[in-house]
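The values are calculated or read from the model by the stated rules, or taken from the named source; none is laboratory data. What you see is a predicted model, and the numbers here were worked out from it, not measured in a lab. Methodologically, a virtual Cβ is constructed for each residue, glycine included, from the backbone with ideal geometry; neighbour enumeration extends over all protein chains shown. These accessible areas exclude ligands, DNA and RNA; they are computed on the full protein's heavy atoms, side chains included. Shrake-Rupley method; radii C 1.70, N 1.55, O 1.52, S 1.80 Å.
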Amino acid sequence: MSTDTRLSRSKKKIIAVLAGVAVAAAVSASASTLGGAGGEALGADAGTAASAVTKGVVVTWDTAFSTATNEYVVTGVTLKTKDGATETFPKGADVKLSVLGNAAGKAADPQSKLAEFSDLNLAAAKNTITWPTSIPAQDVLGVAVVVDGNAVPATVN
């Protein structure tokens, strides 16, 4: 095999690798995100979203000390659109929030679902949804949020 043939094959391999890296970079740059899910002291974030809400959401937590269990518990979870003045969860949308964390007696696993809340087929557009709960605060590691607004017709500008 000549030196030119080996050099040509090496160039083809390098070009193929660079093309693969470029495609991977383009795909990750266009990934959908929550636009900054905020955790308000407990720390919450999720990396993927399917959303009719484009400016993001904010998750806030209500906590209280439980004398029965001698620990702080999350007593409520609130999901808001980041820009409540101009953006809402649309009428007909399905909104789901999963609280992820460390289930009692298990090793820390951020993918373990502690609770799941949903508000399906919203009767009216709104920018805030609140769910009551009772989860040990120390077990909460994050949230995953999905807003599926596929029942809402797209607007064309």
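Taken along the Cα-to-beta-carbon direction at a fixed 7 Å, the label points for residue 125 and residue 148 span 2.2 nm.
Shape call for region 55-139 from the C-alpha gyration tensor, a ≥ b ≥ c root eigenvalues: rounded (a/c under 1.5), prolate (a/b greater than b/c) or oblate? Prolate is the answer for region 55-139, as a/c is 1.5 or above and a/b outweighs b/c. The largest accessible area among 89, 117, 65 belongs to the first residue in 65, 117, 89, and the rest follow in falling order (1.4 Å probe, all chains). The amide H of residue 92, built 1.01 Å from its N in the peptide plane, has 122, 123, 124 as neighbours under 5 Å, considering only residues 5 or more places off or on other chains.
Placing pseudo-labels 7 Å out from each Cα toward the beta carbon at residue 91 and residue 112 gives an inter-label distance of 4.3 nm.
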